[in-house]
Amino acid sequence: MQPAAAIIELDGLAVSLGGRAVLRDLRASLAGRCIGLLGPNGAGKTTLLHTLLGFFRPSAGTARVFGKDIRTETAAIRAQMGYMPESDSFIAGMSGVRFVRLMAELSGLPPAAALERAHEALFYVGLGEARYRPVDSYSLGMKQLVKLAQALAHGPRLLFLDEPTNGLDPPARRRMLELIRGIRDGGEARVILSSHLLRDVEECCEEVLVLKAGRVAVYANLEAERRANRRLLELEVRAADGAPAAPAFAELAAALGCECAPGARQRLKLVLPDGVEARDMFRLAAGAGLQIRRLDYKRDSLEDIFLKAMEGDADGRV
Amino acid sequence: MAVFERTYHRYDGPLTTRRRRFLVVPRYALAAVMRSRAFVMFYLLCFLPPFAGLIMIYLRHNLSALKLLGMRLDRLREVLPIDADFFSRSLALQGFFAFLLAVVVAPALISPDLRNNGLALYLSRPFSRSEYVLGKLSVLALLISTITWVPGILLFLLQGYLEGGGWFGEQWRVLGALFAGSWVLIVSLSLLALTVSAWVKWKPVARIVLLILFFVMNAFGRVMEMALGTWWSELLSMRMVIETVWASLFGVAPPTGMPAGAAWVALLAGTLLCLGLLFRRVRAYEVVR
């Protein structure tokens, strides 16, 4: 299978604002259908999005979106993007449908097409009945949805969603994440999801770029991580009389091609080779008269990645 | 993204041309402005002086109509000539209405976008800061045009038609002065009003600031002129500066002793200052140092 073409290439990108370096020498090639942008507050997530949108000029390096340079082809890049800002953003004194229509027309849609797409976008995000009300009167959750609608109405190829679940109650948050997954799975638009909530990113994203103090701490493929983690087991093996039997089982597993390492509390960590499944471990233990008392898959991969990234000064790929 | 499908689809239909996209802004803004009945009433009021001018020109060329009305205005032609001075005074009067119109409309143009973080939405599209400013400027330009040079030129053409003979040849300068003078007013006034709207987020305060800039500065300039006996202080008065520029365009006596060159330089400097201040403010996000 061909690797997916990169949608965003960061090529030594650096940005200084007010004399302070906010982004430093970012290098990565982002290619997933939905890419999470993670990092603690002040890590530079929003600044990176704003720089890609052309709001801030790079102080060094550059970036390319769909192969177009952000320094020289800002308008062409923006024409393919939809942006949902983090803060409350709307045009006062307009109904939802008029607001979204204006935004679509500014993106270049003719008035009739813009009106049609505005209605469709508002229905799609679930604001069908509220679309004639003034945006100023919307609740926080509705304002988040109308921001998503204006980002979608002109039919972009790439969506920038900056903290889309901010301030949402659990049902609204679930609905927002469902919409993001729907867009991702539809395959018509790629999504960059900036968030400080690991759960949001984990539920929607295939790749994750973790920023720390303006640098790339980690760029990881979550799908690959999940696949790898399914091959990492932790076992507690005992003999029939209850005595620990990890070393004996390790020898048997090694014969099957597993990589083995002793774990805490006399447990055994195993990496399964291709073609060997967890059920083979039970078969192996039964054949040797041993008992597997505990078997764990590695979980919380994103949290591990994030915590590891926050610990050191990592700069690379997991 | 058909409603019944409830899935997202890209738009692959035709797009509008980039050059005319800024006109989307005045279309929406004018629709919002015209929703106010009070504004529509005021806007109609702005057409009263050109309408009075129309009647005056008509009666001037139909003395028999005056006689029918029993009016003894046989010497109207001598008392009130329709010449450069007439059109210059008409423009000055319409300039006042234009200022009031800018005070009413301009504060609602940029400050709400800044207050509600709307600029990030405009500028995240293939829509530049210059197009945004041009779009907002054209709202005022369209409204002020309809009460300044458009009726002015129509009156000029009517007078020329009724007068006949060599009137056009004698007064051709007035036509250019009407058009150029109106645009001097439109650009300088609109930029000043938009700059205030961009820097003062609260609409009523922005209106008060505009009134202060116009009336108080005008009065201050006059007082200083009387106290110091120099025209330098008149440069503080936007009205005096613009009227001096108009006088140079129409070829009539200037309202003060301010040289036309100084007025042009002051106007240009003020316009550039407003542009600089405006673009400093019109950004998707402000960088806090």
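The values are calculated or read from the model by the stated rules, or taken from the named source; none is laboratory data. On a predicted model such as this, the values are computed, not experimentally measured, just so you know. As a convention, Cβ positions derive from the backbone with ideal geometry for all residues, glycine included, and neighbour counts pool all protein chains shown.
A compact table of results
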item: Flag for B:LEU158 being within 13 Å of the chain's Cα centre (by Cα) and away from every other protein chain (no Cβ under 14 Å); result: no
item: Odd one out for B:TYR285 among (1) exposed (fewer than 13 other Cβ atoms within 10 Å of the Cβ); (2) in a loop (DSSP other than H, G, I, E, B); result: (1)
item: Single unsatisfied condition, A:SER89 versus (1) more than 11 Å from every other protein chain (Cβ to nearest Cβ); (2) touching a residue at least 24 places away in the same chain (Cβ under 8 Å); result: (1)
item: Tabulated pairs, the range B:271-289, first closer than 19 Å to B:LEU123 by Cα, second modelled with pLDDT under 90 and surrounded by fewer than 12 Cβ atoms within 10 Å (Cβ to Cβ), C-beta under 6 angstrom, 6+ apart or interchain; result: B:VAL287/A:GLY18
item: Unique residue being buried (at least 16 other Cβ atoms within 10 Å of the Cβ), out of contact with any strand residue (DSSP E or B) (no Cβ under 7 Å at 6 or more places or on another chain), within 29 Å of A:LEU13 (Cα to Cα) and not hydrophobic (A, V, I, L, M, F, W, C) when the list is A:GLY54, A:GLY82, A:GLY67, A:GLY96; result: A:GLY54
item: Filtered residues of the range A:128-155 (kept if among the aliphatic types (A, V, I, L, M) and either away from every other protein chain (no Cβ under 12 Å) or under 23 Å from the mean Cα position of the chain (by Cα) (or both)); result: A:ALA130, A:LEU140, A:MET142, A:LEU145, A:VAL146, A:LEU148, A:ALA149, A:ALA151, A:LEU152, A:ALA153
item: Qualifying positions in the range B:110-149 - within 9 Å of another protein chain (Cβ to nearest Cβ) and of a type in the set (S, T, N, Q); result: B:ASN116, B:ASN117, B:SER124, B:SER128
item: Residues of the range A:127-162 classified as acidic (Asp, Glu), buried (at least 18 other Cβ atoms within 10 Å of the Cβ) and in a helix (DSSP H, G or I), total; result: 0
item: Boolean, A:ARG131 is over 30 Å from A:GLY214 (Cβ atoms), charged (D, E, K, R) and touching a Leu at 6+ places or on another chain (Cβ under 9 Å); result: yes
item: Residues (more than 8 Å from chain B (Cβ to nearest Cβ) and in contact with a Ser or Thr (Cβ under 8 Å, 6 or more places away or on another chain)) located in the range A:64-81; result: A:ASP69, A:ILE70, A:ARG71
item: Segments classed as helices (runs of 4 or more DSSP H), wholly inside the range B:164-261, with at least 1 members that are under 16 Å from the mean Cα position of the chain (by Cα) and buried (at least 20 other Cβ atoms within 10 Å of the Cβ); result: B:167-199, B:203-211, B:238-250
